[in-house]
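**Q** Quick one: the structure is below, and I'll ask about it shortly.
Derivation of every value follows stated rules applied to the coordinates shown; laboratory data play no part. Because the structure is predicted, anything quoted here is derived from the model rather than measured. Here the Cβ is made from the backbone with ideal geometry for all residues, glycine too, and neighbour counts use every protein chain on show.
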Amino acid sequence: MNHKESEFVQHESCPSCGSKDNLARYTDGHGYCFGCKYYDIGDGQGLPAVSVKRADLIPVDFAPLKKRGISEDTCRFWQYGLGQYSGQTVQVAQYIKDGEVVAQKLRFPSKDFLILGDAKAMPLYGTHLWRDGGRMVTITEGEVDALTVSQLFGNKWPVVSVPSGAAAALKAFQSNLEWLEKFESVVIMFDDDEPGRKAAKECATLLTPGKAKIGTINGFKDANEAHMAGEGKRVIDAVYGAKAYRPDGVVLGSDLWDTVNQDDTNDSTPYPWNALNEKLLGIRRGELVVLTSGTGIGKSSVCREMVCHLIRSGKKVGLLMLEESVKRTARNLMGIHLNTPPYFWEDRGISADQKREAFDSTVSKVVLFDHFGSVDPENLLARARYMIKSCGCEYIFLDHLSIVVSGLGDGDERRLIDNAMTSLRSLVEETQAAMFVVSHLRRPDGDRGHEEGATTSLAQLRGSHSIAQLADAVIGLERNQQGDVPNELALRVLKNRFTGDTGMAGMLRYCKEAGRLHEFEMEINDEI
């Protein structure tokens, strides 16, 4: 029926789900419930087509459903027949309770549905056919599928269906839970589409753990489709082969052999410095690494060295450097390639061709985020996700964490950092990219601060314990800016989830003339 010209008239109660005003009635008489998706065809004159009076039930004759491959014996057994309504031949599924037909669900040739009788009293379709309880019951999404499964089992094994499809399946399970719980197992075999799969999982959670099983028919949407294709055996196999439902995320150890026995293909990429590699055994995708130190120690310089190292290794890198412009970031990367910091380019006569070659070797191979200052965490995550999924970045650098939450007002910094770190951790798990996050330290107790070479520790991470808890590795940077060797930087592994090996991890020396950090060997210990 064409409803394009009809107009809304009023809200009414829904005979299917019982809501007070979710059903919208239109000028041509048809109604639609925006809650449970129930639909009735109306009489074309603006009058409701549904009545709850038993007198409105129509006579039913039984005949085979040839187009569905359903025999007359099965139709008689299920009290599923044909009737006349408003001059049209309709299929009629009769819902029986306590020996009486309480409602009839009419299926029109247009595939529209209409319910006559007491919709609120409708049980699961077919419950009257079976004794309460037993070894197993199969439940389908529609009446014809229930007839199909029943016929394939010789009409001898319990089968029922939900009365109003996937949209209202959960409510039907809730209303009939006591009856379903009397069976040892409940095989849910809804349509193999997104609504059906979603409804099956929702319904399965209502049952006693271990009781619910979900069956799927490989290659077919539902039982009747498989039956009509001559694949009734697949329907039977789907019932007996249904797997016990487990909530998402719950995995039996016995199912993990193939996963455990498969070698990881996520080879690590070495860090630029040998001593750090000895501790962390390289950079792995799917891990979140935090770089931390006091102010002005050299976190950004370390990041840039790592970025250029990854580029030389053929990796695609995404940069969210929130404390500097993209121009400054780009020129600093070029300076590392040239072994000449940007402030020396003019004095040393770096030519345009040299700059271009440096640009092509570094900046052209990264993806940058053009923003200065604080940014909403959700927007930042969206950009990081885009870099990974659309631009192919395998490694992401975020400098730094505090500035991510600094523009969110006077909220609880600890809570804001908790939320940000949780989101970053989730993004790493989702995308399997490697992420480096720069974080500040709070000032340690005593007179000696990190700027004077104080030892770093996890307890000093600023703002939230979640930084240490959610990171796979934490690397502390230590330097005495006013000491005898202010250009020497110590690396300390504060956390190492991969191997547990922590402690001092090498020394770097900054060469002002080249603008580079170089590893050098010296006798180090955990007392430095």
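**Q** Could you tell me whether the chain comes out rounded, prolate or oblate from its Cα gyration tensor? Rule is a ≥ b ≥ c as square roots of the eigenvalues, rounded for a/c under 1.5, then prolate if a/b exceeds b/c, otherwise oblate. Working shown, then result.
**A** Working: a/c = 3.19, a/b = 2.66, b/c = 1.20.
The shape class here is prolate.
**Q** I've got another one for you. If you line up the long axis of helix 326-338 against the longest principal axis of the chain, both from Cα atoms, how many degrees apart are they, to the nearest 10?
**A** Helix 326-338 sits roughly 50 degrees off the main axis of the chain.
**Q** Now for a separate question. Residue farthest toward the positive end of the dipole of the stretch 108-151, with Cβ of Lys/Arg at +1 and Asp/Glu at -1: which of PRO109, ALA121, GLY133?
**A** Of the listed residues, the answer is GLY133.
**Q** What FRET efficiency comes out for LEU206 versus ASP255 if R0 is 22 angstrom and r is the Cβ-Cβ distance? Round to the nearest 0.05.
**A** 0.35
**Q** I'd like to compare 96-106, 342-352, 317-327: which one has the highest average count of other Cβ atoms within 10 Å, and what's the full order after that?
**A** On the way: 96-106: 17.2, 342-352: 11.8, 317-327: 19.0.
In decreasing order of mean packing, 96-106, 342-352, 317-327 become 317-327, 96-106, 342-352.
**Q** Looking only at the chain, where both bridge partners belong to it, what percent of the DSSP beta bridges are antiparallel (to the nearest 5)?
**A** Beta bridges within the chain, antiparallel portion: roughly 60 percent.
**Q** Rounded to the nearest 500 deg cm²/dmol, what is the calculated helix-only ellipticity per residue at 222 nm for the chain, with -39500 (n - 2.57) per DSSP H run of length n ≥ 4?
**A** Using -39500 (n - 2.57) per qualifying helix, the result is -8000 deg cm²/dmol.
**Q** Also, I was wondering about something else. Using the Cα centre as the reference, give the magnitude of the dipole from point charges on the C-beta atoms of the chain (Lys, Arg: +1; Asp, Glu: -1; all else neutral), rounded to the nearest 20 debye.
**A** Once rounded to the nearest 20, the dipole reads 860 debye.
**Q** First select every other residue whose beta carbon is under 15 angstrom from the beta carbon of TYR80; then total the charges, Lys and Arg +1, Asp and Glu -1.
**A** Numbers: positive: LYS66, LYS67, ARG68, ARG76, LYS105, ARG107; negative: ASP61, GLU72, ASP73, GLU143, ASP145.
That sum, taken over residues with Cβ under 15 Å, equals +1.
**Q** When only Cα pairs under 8 Å and 6 or more residues apart are kept, what is the percent relative contact order across the chain? Don't skip to the end; give the middle numbers.
**A** On the way: 1043 pairs, mean separation 49.3, N = 528.
Taking the mean separation of contacting Cα pairs over the length of the chain, I get 9 percent.
**Q** Additional query: Under 23 Å from the Cα of LYS213, which lysines turn up, not counting those fewer than eight places away in the same chain?
**A** LYS156, LYS171, LYS182, LYS198, LYS201, LYS221, LYS233, LYS243
**Q** Just rank ASP258, ASP399, fewest to most, by other beta-carbon atoms within 10 angstrom. Each step should come with its number before you reach the end.
**A** Values: ASP258 7, ASP399 21.
Starting with the residue having the fewest Cβ neighbours, the order is ASP258, ASP399.
**Q** While we're on this one: Using the per-residue mean of other Cβ atoms lying within 10 Å as a proxy for protection, in what order, highest first, do the peptides 307-315, 432-440 fall?
**A** With the highest mean Cβ count within 10 Å placed first, the list reads 432-440, 307-315.
**Q** With 10 angstrom as the radius, rank VAL60, VAL186 by how many other C-beta atoms surround their C-beta, starting from the fewest.
**A** Placing the least packed residue first, the sequence is VAL60, VAL186.
**Q** How do THR422, THR138 line up, fewest other C-beta atoms within 10 Å first?
**A** In order of increasing Cβ crowding within 10 Å: THR422, THR138.
**Q** Another question, if that's okay. Which Cys residues of the chain have no other Cys beta carbon under 4.7 Å away?
**A** CYS75, CYS203, CYS303, CYS308, CYS391, CYS393, CYS511
**Q** On to the next question. Compare the peptides 486-495, 140-149 by average per-residue count of other Cβ atoms within 10 angstrom and give them in order, highest first.
**A** 140-149, 486-495
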